[in-house]
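As structure tokens, the structure follows; a few thoughts come after it.
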Amino acid sequence: MSYLQTLTQYKAWANERILSAIASLPAGEATKARKTRFGNMVHTLNHVYVIDRVFQAHLEGRPHHFEARNTPTHPPLAELAQAVNALDRWYVAYARTLSGHALAERVRFRFIGGGDGAMSREEMVMHVVNHATYHRGMVAEMMYEVPALPPVTDLTVFLRDVRQD
């Protein structure tokens, strides 16, 4: 298994853990206004989903139709969780298809905020993994405000407890 495959599986596992933890919070806490860039936990994870969709479109060579890095509103948590899980499965499957030349192939795209970009397919997948980790950390910090303990989503725990070698 390639490192990229491991990382996409890790991302799916960690997303599932944080989404489940948020779903178990007292009513209203996941969407409660907080002093954070995206306003609440669900809208923060919606931003991650939007960016994952944008990069999926780049990888597939098609337009994404997003005009901003997040949508004005977010779907209900259960709907977002289903969409995130499906997209995570896509990234896990996609990582299995990449090897050699495909990993290094540069893909040109246009940034949502303007300007041209170019990244290898490997860099794009690494970006979505890293980006999700960053924002899960923001959500975990918001969970302490509830107060609630966020789930452990460390790569080391995934490697120890979940990965099948």
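The values are calculated or read from the model by the stated rules, or taken from the named source; none is laboratory data. As the structure is a prediction and not an experimental result, all values here were calculated from the model. Don't worry about glycine lacking a Cβ; one is built from the backbone with ideal geometry, like all the others, and counts go over all protein chains shown.
Descriptive notes on the structure:
- Flag for Ala95 being small (Gly, Ala, Ser) and free of Cβ contacts under 8 Å to residues at least 24 places away in the same chain: no
- The residue list Gly100, Gly117 contains one member that is of a type outside the set (A, V, I, L, M), at pLDDT below 95 and surrounded by fewer than 17 Cβ atoms within 10 Å (Cβ to Cβ), which is Gly100.
- Where a residue in segment 72-89 is closer than 17 Å to Ile51 by Cβ and its partner, wherever it lies, is among the basic types (Lys, Arg), with Cβ under 9 Å and at least six apart: Ala83/Arg53; Leu87/Arg53; Asp88/Lys11
- Residue list for segment 48-76, filter: aliphatic (A, V, I, L, M) and either modelled with pLDDT under 95 or assigned to a loop (DSSP other than H, G, I, E, B) (or both): Ala68
- Inspection of segment 115-124 identifies no residue that is touching a helix residue (DSSP H, G or I) at 6+ places or on another chain (Cβ under 8 Å) and under 16 Å from Ala12 (Cβ atoms).
- Residue list for segment 29-57, filter: surrounded by 18 or more Cβ atoms within 10 Å (Cβ to Cβ), touching a residue at least 40 places away in the same chain (Cβ under 8 Å) and of a type in the set (Ser, Thr, Tyr): Thr44
- Residue within segment 123-146 that is surrounded by fewer than 18 Cβ atoms within 10 Å (Cβ to Cβ), part of a loop (DSSP other than H, G, I, E, B) and without any contact (Cβ under 8 Å) to a residue 40 or more places away in the chain present: no
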